[in-house]
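**Student:** Once you've had a glance at the structure underneath, I'll fire off some questions.
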Amino acid sequence: MLIQLAGSFAAVAVLVAVAAWAKIAKPMSPLSDARARALLADEFPGKTLDGLWIATDGRGALARSGASALVLCEVGDGYAARHIPWAQALSASFRDGVLRLDLADVAAPRARLAFDAWPPAGAR
Amino acid sequence: MDPLHAPFDPVTLAIPFFVLAIILEIALARFKAVKAHYETRDTMASLAMGLGSNVAGLITGGLAFAATVWVWKHRAFDIPMTAVWAWVAIFFLEDLTYYWFHRLSHERRFWWAAHVNHHSSQHYNLSTALRQTWTGGVAATWALWLPLAFLGFPPAMLAIQKGISLVYQFWIHTEAIRRMPRWFEAVFNTPSHHRVHHARNPRYLDSNYAGILIVWDKLFGTFQPELDEETPRYGIVKNLNNFNILRVAFHEWAGIAKDLAGARSPREVVGYLFGAPGWSPDGSRDTSATLKAQWEAEQAKRDAPDVAA
Ligand SMILES: [Zn+2]
Ligand SMILES: [Zn+2]
């Protein structure tokens, strides 16, 4: 039993090492405006964007759609998205160029987006 | 043959094959011979789920096994493990049971909570196949196989056939194979059919629940072919935003607990537990049905853009 478990651990370690060696994750590049819009359209079909702000490091974006803030953030070689009330996004903590958003979801508790300033000009 | 204890476990026997196949898929993708993407932390999460699933099975498997044996002892018929017809029968009946187990696991939140982890990767590769549940025993879905024991199929036979089904479903978790021969696609679950099952595109949601035979989906109206114009995007409707394995294993259970704590009536308790995933009292959250409806409305708008003009 224990030998089997140890063997399984070793096999997992080998496979993870092989996966890391291969470097075959999806290619990621900083988000462009168009790419962010395409991703948000997939995540929130039918929502029109009243404003879109791309994180300075290109690893996320925040959009306003009516009373909602649509949050997009990088996770590995993919993205996760959530929406929260716009007012909450406006009043979220912003320090040292990082906006910290509480997404109120066990599966995605927080998002951190890099911005030069928050709220951005014209976002109020 | 001992009707209680299987002389071999198909899954254990297949583990070396699983490992070699994953290495082969990665190597072929590395040298650009096939399509496959592996993200290191995602791979680690998937494999750790597989490992943990076996450990969890040791803990919760005892009760399931005891229940199966008890039901089989009160069986309606004697089914010999050595008869060919019995194996043919269990092949079809087990696969039919799997279909309904899998459909329940997607359409009702309590069981989705146990199954969601298999779908929480944004990747679709052979390692995703091993991303197995830790909480299936708790969700008690094993009870769905009890009628087969009552019919008289020995517990060992059930265990072997369930193992065969799991091993079969390993190889279909790949983007390396585009399509199998037409006759094969018509009858069996394939990489193409199961890619659709793992996709979060609205039009692909809640389809292709098959284990080995895709014919059940065709029979019960849940079949959706993979379309060239709609590339699957993998994962769940609301993707996880980190690779924490405890979050992978338990996030939907935690979500249920949070919702139940805020429930204001028995109706809400039942809805949060046994409604469709995404059910909410005021309908403010998305379910597969609302997402599909939104998507269809968008399509209709796109197809008839000049009505107002
Ligand atoms: Zn599934
Ligand atoms: Zn699968």
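The values are calculated or read from the model by the stated rules, or taken from the named source; none is laboratory data. Small disclaimer: the values here were computed from a predicted structure and weren't measured. Positions of Cβ are backbone-derived with ideal geometry, glycine not excepted, and every protein chain shown enters the neighbour counts.
**Student:** What number of residues within region B:174-191 satisfy the criterion of being more than 14 Å from chain A (Cβ to nearest Cβ) and within 15 Å of ligand 2 (Cβ to nearest atom)?
**Tutor:** Here the count works out to 5.
**Student:** Within the group B:Tyr234, B:Tyr204, which residue is within 30 Å of B:Glu25 (Cβ to Cβ), within 10 Å of chain A (Cβ to nearest Cβ) and within 15 Å of ligand 1 (Cβ to nearest atom)?
**Tutor:** Working: B:Tyr204 fails: within 10 Å of chain A (Cβ to nearest Cβ).
Unique residue meeting the criteria: B:Tyr234.
**Student:** Can you tell me which of A:Val14, A:Val18 is surrounded by 16 or more Cβ atoms within 10 Å (Cβ to Cβ) and not in a loop (DSSP other than H, G, I, E, B)?
**Tutor:** A:Val18
**Student:** Filter region B:86-140 for residues that are more than 14 Å from every other protein chain (Cβ to nearest Cβ), within 16 Å of ligand 1 (Cβ to nearest atom) and closer than 19 Å to B:Val270 by Cβ and give the result.
**Tutor:** Once the filter is applied, which keeps residues that are more than 14 Å from every other protein chain (Cβ to nearest Cβ), within 16 Å of ligand 1 (Cβ to nearest atom) and closer than 19 Å to B:Val270 by Cβ, region B:86-140 yields B:Leu104, B:Ser105, B:His106, B:Glu107, B:Arg108, B:Phe110, B:Trp111, B:Ala114, B:Ala139.
**Student:** Looking only at region B:231-248, decide whether some residue is in contact with a His (Cβ under 8 Å, 6 or more places away or on another chain) and more than 13 Å from ligand 2 (Cβ to nearest atom). Spell out how you get there, then give the answer.
**Tutor:** Our first condition is that a residue be in contact with a His (Cβ under 8 Å, 6 or more places away or on another chain); within region B:231-248, this holds for B:232, B:234-236, B:240.
Keeping just the survivors that are more than 13 Å from ligand 2 (Cβ to nearest atom) gives B:240.
The answer is yes, given that some residue of region B:231-248 is in contact with a His (Cβ under 8 Å, 6 or more places away or on another chain) and more than 13 Å from ligand 2 (Cβ to nearest atom).
**Student:** Taking A:Ala67 as meeting all but one of (1) closer than 30 Å to B:Ala293 by Cβ; (2) out of contact with any helix residue (DSSP H, G or I) (no Cβ under 8 Å at 6 or more places or on another chain); (3) surrounded by fewer than 14 Cβ atoms within 10 Å (Cβ to Cβ), write down the number of the exception.
**Tutor:** The single condition A:Ala67 does not satisfy is (2).
**Student:** Restricting to helices (runs of 4 or more DSSP H) lying wholly in region B:181-291: which have 3 or more residues that are closer than 30 Å to B:Asp95 by Cβ?
**Tutor:** Details: elements: B:182-187, B:191-198, B:215-220, B:245-261, B:266-274.
The qualifying helices (runs of 4 or more DSSP H) are B:182-187, B:191-198, B:215-220, B:245-261.
**Student:** Have a look at B:Lys218, B:Lys238 and point out the one that is surrounded by 15 or more Cβ atoms within 10 Å (Cβ to Cβ), within 20 Å of the chain's Cα centre (by Cα) and of a type in the set (D, E, K, R).
**Tutor:** Values: B:Lys218 fails: surrounded by 15 or more Cβ atoms within 10 Å (Cβ to Cβ).
That would be B:Lys238, the only listed residue that is surrounded by 15 or more Cβ atoms within 10 Å (Cβ to Cβ), within 20 Å of the chain's Cα centre (by Cα) and of a type in the set (D, E, K, R).
**Student:** Now for a separate question. In this structure, does B:Ala143 turn out to be modelled with pLDDT of 95 or more, more than 16 Å from ligand 1 (Cβ to nearest atom) and under 20 Å from B:Ala114 (Cα atoms)?
**Tutor:** On the way: modelled with pLDDT of 95 or more: yes; more than 16 Å from ligand 1 (Cβ to nearest atom): yes; under 20 Å from B:Ala114 (Cα atoms): yes.
For B:Ala143, the condition - modelled with pLDDT of 95 or more, more than 16 Å from ligand 1 (Cβ to nearest atom) and under 20 Å from B:Ala114 (Cα atoms) - is met.
**Student:** Going by the conditions given, is B:Thr97 hydroxyl-bearing (Ser, Thr, Tyr), assigned to a helix (DSSP H, G or I) and within 11 Å of ligand 2 (Cβ to nearest atom)? Working first, answer last.
**Tutor:** On the way: hydroxyl-bearing (Ser, Thr, Tyr): yes; assigned to a helix (DSSP H, G or I): yes; within 11 Å of ligand 2 (Cβ to nearest atom): no.
Considered against the rule, which asks whether it is hydroxyl-bearing (Ser, Thr, Tyr), assigned to a helix (DSSP H, G or I) and within 11 Å of ligand 2 (Cβ to nearest atom), B:Thr97 comes out as no.
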